[in-house]
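Engineer: Questions regarding the structure given below will be posed in turn.
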Amino acid sequence: MRTACRYILDTLAVLLVVAILGAGTYGFRVAQKEMRAVLIKKPVPLRHSFSELPRHVGDWQRIGSDAELTAEVEESLGTDLYLSRDYALQGDPDKGILRFHIAYYTGMIDAVPHVPERCYVGSGYAKSARFEALPVTLDQSGWWQDREGGDAGTSAGGDAGDAENGTAASGADAPASSYWMTRSASSSFVRLPLVDGDSIRMNIRQYWSPSRPEVRFSAGYFFVANGWATPYAERVRLLAFDLTDVHAYYCKVQLTYEFPDASVEPSELAEVAGEFLNTMLPEIMYCLPDWSEVEQSAASEGSGGASDEGMNDGRPASGG
């Protein structure tokens, strides 16, 4: 009798657990549908390869060849869509070296972005106790503002390449909406990223070898995630993996500034980064997806329009 009762109770307990799990699964699916949550993100390809980025940027000239990472380092980086390139002021390393690194991720969630404070420390360097999220001053005189729902040809009320006929960006008003900028290498134009705050900021620290603590270099970075720029790695997940977005991407832009026998302050890197990015930022955005176009494409797909065939990885589409 006891055995029979025990069997019945055990069976009821199992059925109760199954019922709870089933109800929970159903409730989760209902909530997901009501929220229009997209848990598995679709990748979106680069528009152009990073190898197309300019070798001369203002007074900075490429030195040596672009770095090719080993398979082990590439695995640690988490992507094979990257560019690591050294620039020297006027081509002379004695005048200063700017190490440029950019890496692209799409259709995945990387909880631990590959950043200098992990990479350099893992390589044996010491780091400053605190980072500084310093603003990068960019020349905004050639920017013009996008009207909501507009494009570069109509948003500013004039020719896309004529900033005088548009709404020029200035001061704290700059991040209120998206802006366009003409690429210096051509007459084409690109949409610039939205920003947290009043300007693009870089997360910057000093690093040094324990054997030469008197010679310090500064390394900094920011991310572009689903059309937004942020210096904070923890913000990437919030920006690139919004539950309502169909697609997801993020890109890390990293600069390291150093001299052979002198230290570099974080503020010096921020200043040099502004000069460098005046030319390089629109070229970077030329390679990255235009997030407004990605969203429009996703909306079209949702209403039975165009498909995202070909967006199966982060590589540029044919001809890109």
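The values are calculated or read from the model by the stated rules, or taken from the named source; none is laboratory data. None of these values were measured; they are calculated from a predicted model. As a convention, Cβ positions derive from the backbone with ideal geometry for all residues, glycine included, and neighbour counts pool all protein chains shown.
Engineer: Across the stretch 268-296, which residue is nearest to residue 224 (Cα to Cα) among those that are buried (at least 20 other Cβ atoms within 10 Å of the Cβ) and at pLDDT below 95?
Structural biologist: That would be 291.
Engineer: To continue, here is another question. Checking the condition of a type outside the set (Val, Ile, Thr) and at pLDDT 90 or above, which residue from 27, 22, 78, 64 passes?
Structural biologist: On the way: 27 fails: at pLDDT 90 or above; 22 fails: at pLDDT 90 or above; 78 fails: at pLDDT 90 or above.
Selected residue: 64, the only one of 27, 22, 78, 64 that is of a type outside the set (Val, Ile, Thr) and at pLDDT 90 or above.
Engineer: How do the pairs read when you match residues in the stretch 181-198 that are of a type in the set (D, E, K, R) with residues anywhere that are exposed (fewer than 15 other Cβ atoms within 10 Å of the Cβ), using Cβ under 8 Å and keeping only pairs 6 or more apart or on different chains?
Structural biologist: 198/171; 198/172
Engineer: Only one of (1) surrounded by 19 or more Cβ atoms within 10 Å (Cβ to Cβ); (2) in a loop (DSSP other than H, G, I, E, B); (3) at pLDDT 85 or above is not met by residue 137, so which one is it?
Structural biologist: (1)
Engineer: List the pairs whose first member sits in the stretch 54-74 and is outside the structural domain of residue 91 (by TED's automatic domain parsing), whose second member is surrounded by 13 or more Cβ atoms within 10 Å (Cβ to Cβ), and whose Cβ atoms are under 6 Å apart, counting only residues at least 6 apart or on separate chains?
Structural biologist: none
Engineer: Same structure, new question: Do you know which of the residues in the stretch 172-187 that are farther than 17 Å from residue 201 by Cβ and at pLDDT 75 or above is surrounded by the most Cβ atoms within 10 Å (Cβ to Cβ)?
Structural biologist: Here the answer is 180.
Engineer: Next up: Being in a loop (DSSP other than H, G, I, E, B) and surrounded by 15 or more Cβ atoms within 10 Å (Cβ to Cβ) is the filter here, so list the residues in the stretch 38-52 that pass it.
Structural biologist: 38, 41, 43, 44, 45, 46, 47, 48
Engineer: Can residue 238 be described as surrounded by fewer than 19 Cβ atoms within 10 Å (Cβ to Cβ), modelled with pLDDT under 95, part of a helix (DSSP H, G or I) and in the same structural domain as residue 130 (by TED's automatic domain parsing)?
Structural biologist: yes
Engineer: If you don't mind, there's one more thing I want to ask. Which residues, taken from the stretch 53-88, are under 18 Å from residue 273 (Cα atoms), of a type in the set (A, V, I, L, M, F, W, C) and part of a loop (DSSP other than H, G, I, E, B)?
Structural biologist: Of everything in the stretch 53-88, just one residue is under 18 Å from residue 273 (Cα atoms), of a type in the set (A, V, I, L, M, F, W, C) and part of a loop (DSSP other than H, G, I, E, B), namely 53.
Engineer: Scan the stretch 245-263 residue by residue and report those that are at pLDDT 95 or above, more than 14 Å from the chain's Cα centre (by Cα) and not polar (S, T, N, Q).
Structural biologist: Within the stretch 245-263, 257, 258 qualify.
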